[in-house]
Amino acid sequence: MSFWRRELRATYAFVERNWNMVKRYWGWEVVWITYSIVNSLAITFIGAGMEKISGQPMNTQYLILYLLVGTLIWSYLSVVFDSISEMIAWERWEGTIEYTFMAPVARPTHMIGTTLFSVSYGILRTLIILGVVTFFFQIDLSRANLVGAMLVLLIGSVSFIGFGIVAAVLPLLFPERGSQMTHIIEALLLLISGIYYPISVLPDWLQKISMFSPATYVLEAMREAILYSKGTSDLLPYVWPLIAMGFITIPFGLLVFGIVERFAKKTGRLKRSG
Amino acid sequence: MHHLALNVQHVGKSFASEEPWLKRLRRRNGKVCAVSDVSFQVKRGEIYGILGPNGSGKSTLIRCLATLLIPDAGRIEIFGHDLQRDEKTVKRLINRVSVDAAFFKKLSAMENLLYAARLYGMDGATARKRIREILERLGIKELHQPLEHMSRGMQQKVAIARAFLNSPILLLLDEPTTGLDPRSKREVQEFVLEVREDHDATVLLTTHDMDEADKLCNRVAIIDNGKIIAEDTSQGLKNLIQDRVPNPTLEDVFMELTGKQLVTEEDLVSET
Ligand SMILES: Nc1ncnc2c1ncn2[C@@H]1O[C@H](COP(=O)(O)OP(=O)(O)O)[C@@H](O)[C@H]1O
Ligand SMILES: [Mg+2]
């Protein structure tokens, strides 16, 4: 009982601290949110302009929605991925990493706390972007299966969390280059997951790799639910791989993290200076 | 409660060498030997000082005790708990304050300490109350100002207060006054003595400031090149060289002892 209560409080320590950081670094939040909004708008405008660009009649509403789903989901998943994968890099930069690692907190508690923050922060940011974008475009979601879409998104988050944990390890292993590497992972996910185009347009070998990205399934399922109004049971073929990936990536991430943490403590890579 | 707060036996720690050409003196197959075969014991309630120059292995030793480094050799017991086996229990008994105060610079004192309190399982209401008391006592009125606006001396005091927030019974202070101006230094030293008294804690303190060791510590170990070369009360250490230097200070003791040590170390290296 007291064990769980302590771990619960420690979980909240990470959530509260990260929200406090968001408030204190509000200038950067304004920058990121502006950037994300403009980015989402620019991409959605590509859909709006496609008829003019190609000179052919097109289903512009469909294109807009297609790209909007891509940009929103990507914005959400990348926020979740970033804020988890940067948990180590960030603390190393602040110089607090040793303080946090010295605390009597189970590593899964640390991860759960970070994850709870990341998911709630990601949802909030995506809602803000959605709010602004709907102001610019006439978007009709009355026939979309929003419940199914949310469900897929939440289940998809789980495997992204696992990916994030694995990526978080890199700054522990490579104090200098680690966070650059996590950005490369993220860029690859963007390329192969069919965010702005069907993966069928990719070369064969890339299509094979895209099977391993959870975002691929999230995106396809979201489009089925929102563009084609598919029922939730029709989304199951996409949900199973996501659940499977979550079951694999999270324990794998924790395992890798544990091993690397031990390695870092053996080789002296936790410290930044002093 | 165990009467030995800390029992360190034959602890050693090396790192892969980063700058081989600079560290040639201490190199053995591309390794920097930061701490080698260190043993000492600290009794409950003592303030034990580890005195040594830059790069002598003080921080490495402290990190080994704080579970931040896994030693290559040796055994560490804290109040009878083996550090390797009982890591989580030990983590509840200790806290560490490093040279750099290790705060989230943009967060306020309140926010930083609240994070610390929750990490150690305290509930919000109790934590806020205790933090207010502590900060009041330190004379800090801006509970909600980012910590980066505070002087280094004040930050260091907040760091020590944070360490005591969770009532550790062994406090590890790694050069708590290095880089402070003389006045802040004195204030921090007095604060250490004061809170130690209140909390009945054991303190392990590293420093390269001879006066500080003299003033604060019940016993002092002199460390050089990762090895402890002498250990006693500061009077006892001075007595060691009484016959050679009249009215010696700890500084003199250090010069006498490390001078000798450096020679033997060099001999040792050139032999291999
Ligand atoms: N994490 C680390 N990685 C590599 N070398 C290290 C690390 N920490 C300390 N060292 C080396 O170990 C030696 C002792 O350093 P340190 O324990 O920081 O000494 P002190 O705290 O007494 O100044 C130095 O040569 C230092 O360069
Ligand atoms: Mg040091």
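The values are calculated or read from the model by the stated rules, or taken from the named source; none is laboratory data. All figures in this text were calculated on a predicted structure; none of them were measured in a lab. Note: ideal-geometry Cβ built from the backbone for every residue, glycine included; neighbour counts use all protein chains shown. We work out accessible area using only protein heavy atoms, side chains counted, and drop any ligands, DNA or RNA first. Shrake-Rupley method; radii C 1.70, N 1.55, O 1.52, S 1.80 Å.
Taken as a whole, the structure places B:Glu175 among residues that are within 11 Å of another protein chain (Cβ to nearest Cβ), of a type in the set (D, E, K, R), within 16 Å of ligand 2 (Cβ to nearest atom) and in contact with a helix residue (DSSP H, G or I) (Cβ under 9 Å, 6 or more places away or on another chain).
Condition test on A:Val38, is it surrounded by fewer than 14 Cβ atoms within 10 Å (Cβ to Cβ) and under 28 Å from A:Ser213 (Cα atoms)? Can you show your working first?
Details: surrounded by fewer than 14 Cβ atoms within 10 Å (Cβ to Cβ): yes; under 28 Å from A:Ser213 (Cα atoms): yes.
So A:Val38 fits the description; yes.
Please determine whether any residue of the range A:260-268 is within 16 Å of ligand 2 (Cβ to nearest atom), within 14 Å of chain B (Cβ to nearest Cβ) and either more than 15 Å from the chain's Cα centre (by Cα) or buried (at least 19 other Cβ atoms within 10 Å of the Cβ) (or both).
Within the range A:260-268, one or more residues are within 16 Å of ligand 2 (Cβ to nearest atom), within 14 Å of chain B (Cβ to nearest Cβ) and either more than 15 Å from the chain's Cα centre (by Cα) or buried (at least 19 other Cβ atoms within 10 Å of the Cβ) (or both).
Among the residues making up the range A:187-209, those that are buried (at least 18 other Cβ atoms within 10 Å of the Cβ) and of a type in the set (Gly, Ala, Ser) are A:Ser193, A:Gly194. Residues that are in contact (Cβ under 8 Å) with a residue 60 or more places away in the chain and among the small types (Gly, Ala, Ser) within the range A:22-65 comprise A:Ser36, A:Ser40, A:Ala48, listed in sequence order.
All of A:Thr44, A:Thr60 fail the test of being over 24 Å from A:Arg269 (Cβ atoms), surrounded by 21 or more Cβ atoms within 10 Å (Cβ to Cβ) and either touching a strand residue (DSSP E or B) at 6+ places or on another chain (Cβ under 8 Å) or not basic (Lys, Arg) (or both), apart from A:Thr44.
Open to solvent by 60 Å² or more (accessible area, probe 1.4 Å) and either away from ligand 1 (no atom under 16 Å from the Cβ) or over 23 Å from the mean Cα position of the chain (by Cα) (or both), is that true of B:Lys141? For B:Lys141, the condition - open to solvent by 60 Å² or more (accessible area, probe 1.4 Å) and either away from ligand 1 (no atom under 16 Å from the Cβ) or over 23 Å from the mean Cα position of the chain (by Cα) (or both) - is met. Here A:Thr34 passes the criteria (1) modelled with pLDDT of 95 or more; (2) closer than 16 Å to B:Phe104 by Cβ except the one numbered (2). Listed here are the helices (runs of 4 or more DSSP H) enclosed by the range A:1-97 that have at least 1 residues being within 10 Å of chain B (Cβ to nearest Cβ) and touching a helix residue (DSSP H, G or I) at 6+ places or on another chain (Cβ under 7 Å): A:2-24, A:87-94.
Here the range B:57-72 is the region considered, the condition is being within 9 Å of the chain's Cα centre (by Cα) and more than 10 Å from chain A (Cβ to nearest Cβ), and the residue that is farthest from ligand 2 (Cβ to nearest atom) is B:Leu61.
Restricting the range B:215-233 to residues that are free of Cβ contacts under 8 Å to residues at least 60 places away in the same chain and outside any strand (DSSP E or B), which is least open to solvent (accessible area, probe 1.4 Å)? Even if it seems obvious, please write down each step before you answer.
Applying the first criterion (free of Cβ contacts under 8 Å to residues at least 60 places away in the same chain) to the range B:215-233 yields B:215, B:229-230, B:232-233.
Pick out the ones that are also outside any strand (DSSP E or B) and you get B:215, B:233.
Values: B:Lys215: 106, B:Thr233: 55 Å².
Looking at the filtered set, the residue picked out is B:Thr233.
Screening B:Asp37 with (1) within 16 Å of ligand 2 (Cβ to nearest atom); (2) in contact (Cβ under 8 Å) with a residue 12 or more places away in the chain; (3) open to solvent by 10 Å² or more (accessible area, probe 1.4 Å) gives one miss only, at (1). Within the bounds of the range B:187-201, is there any residue that is out of contact with any Ser or Thr (no Cβ under 8 Å at 6 or more places or on another chain) and within 15 Å of ligand 2 (Cβ to nearest atom)? For the range B:187-201, residues out of contact with any Ser or Thr (no Cβ under 8 Å at 6 or more places or on another chain) and within 15 Å of ligand 2 (Cβ to nearest atom): absent. Is it fair to say A:Glu176 is of a type in the set (Asp, Glu) and buried (at least 16 other Cβ atoms within 10 Å of the Cβ)? So A:Glu176 does not fit the description; no. Looking only at residues that are in contact (Cβ under 8 Å) with a residue 12 or more places away in the chain and among the β-branched types (Val, Ile, Thr) in the range A:255-269, which one is farthest from B:Asp72 (Cα to Cα)? Across the range A:255-269, the extreme among qualifying residues is A:Val256.
Among the residues of the range A:82-91, is there at least one that is within 22 Å of A:Glu29 (Cβ to Cβ) and of a type in the set (S, T, N, Q)? Working first, answer last.
Taking the range A:82-91 and keeping what is within 22 Å of A:Glu29 (Cβ to Cβ), we get A:82-91.
Subsequent filtering for residues that are of a type in the set (S, T, N, Q) retains A:83, A:85.
Taking every residue of the range A:82-91 in turn, at least one turns out to be within 22 Å of A:Glu29 (Cβ to Cβ) and of a type in the set (S, T, N, Q).
Tell me, which helices (runs of 4 or more DSSP H) lie completely within the range B:52-136 with 1 or more residues that are away from ligand 1 (no atom under 16 Å from the Cβ) and surrounded by fewer than 18 Cβ atoms within 10 Å (Cβ to Cβ)? Give the derivation first.
Numbers: elements: B:58-65, B:87-93, B:109-119.
Ranges flagged: B:87-93.
Among the residues of the range B:2-53, those that are at pLDDT 90 or above and among the charged types (D, E, K, R) comprise B:Lys13, B:Asp37, B:Lys43, B:Arg44, B:Glu46. The set of residues in the range B:160-214 being in a helix (DSSP H, G or I) and polar (S, T, N, Q) consists of B:Ser184, B:Gln189. Got a number for residues in the range A:227-254 being part of a loop (DSSP other than H, G, I, E, B), free of Cβ contacts under 8 Å to residues at least 24 places away in the same chain and open to solvent by less than 80 Å² (accessible area, probe 1.4 Å)? Qualifying residue count for the region: 0.
In the set (1) on the phi > 0 side of the Ramachandran plot; (2) within 16 Å of ligand 2 (Cβ to nearest atom), B:Ser167 fails one condition alone, (2).
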